[in-house]
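The values are calculated or read from the model by the stated rules, or taken from the named source; none is laboratory data. It should be emphasised that the depicted structure is a prediction, and the values quoted were computed from it without experimental measurement. Note that each Cβ is placed from the backbone with ideal geometry, even for glycine, and that neighbours are counted across all protein chains shown. Heads up: the accessible areas ignore ligands, DNA and RNA and are worked out on the full protein's heavy atoms, side chains in. Shrake-Rupley method; radii C 1.70, N 1.55, O 1.52, S 1.80 Å.
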Amino acid sequence: MLDPSAVDGIFRALADPTRRSVIERLSARQASVSELAAPYKMALPSFMEHLRVLENCGLVRSRKEGRVRTYQVASEQLKLAEDWLGKQRTLWERRLDRLDNYLLSIREENAE
């Protein structure tokens, strides 16, 4: 069973376009803080807050080697979000199939 608070944290983190962009970039390869921060026009402390949010919900993990902190995607947390979305898709597909069947049966009744 999915932990609702973990899923909430993941979607809260992914609600921000900067954090989604960071995840996309880290999906290609790991990167240092300075590499990740370079394209954004914000102060480093503000950007670091985005990384903290991503790390706190488990979407990324970091390691420090000397003075360089490197980040990478934690794919198991992305899998939680994917699983939740998959369950929702299945639920809605079933509902829409039932609605389709119901509407078809009404059409057949009216055609008789």
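From the list Ser21, Ser5, the one residue that fits, being open to solvent by less than 60 Å² (accessible area, probe 1.4 Å) and either in a loop (DSSP other than H, G, I, E, B) or among the small types (Gly, Ala, Ser) (or both), is Ser21. Beta carbons closer than 7 Å, at least 6 apart along the sequence or on distinct chains, pair a first residue in segment 12-36 that is among the aliphatic types (A, V, I, L, M) with a second that is assigned to a loop (DSSP other than H, G, I, E, B) for Ala13/Cys57; Ala13/Leu59; Ile23/Leu59. When segment 37-59 is filtered for residues that are under 18 Å from the mean Cα position of the chain (by Cα) and more than 17 Å from Leu78 (Cβ to Cβ), the ones remaining, listed by number, are Glu49, Arg52.
Identify the residue in segment 34-47 that is touching a helix residue (DSSP H, G or I) at 6+ places or on another chain (Cβ under 7 Å) and outside any loop (DSSP other than H, G, I, E, B) and, among all such residues, is surrounded by the most Cβ atoms within 10 Å (Cβ to Cβ). Applying the filter and picking the extreme gives Leu36.
Matching residues to (1) within 25 Å of Ala6 (Cβ to Cβ); (2) outside any helix (DSSP H, G or I); (3) modelled with pLDDT under 95:
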| residue | (1), (2), (3) |
| --- | --- |
| Leu26 | yes, no, no |
| Arg52 | yes, no, no |
| Ser62 | yes, yes, no |
| Gln77 | yes, no, yes |
| Gly86 | yes, no, yes |
| Leu91 | yes, no, yes |
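Please give the number of the condition Gly66 fails out of (1) surrounded by 11 or more Cβ atoms within 10 Å (Cβ to Cβ); (2) out of contact with any strand residue (DSSP E or B) (no Cβ under 8 Å at 6 or more places or on another chain); (3) modelled with pLDDT under 95. Here Gly66 clears every test but (1).
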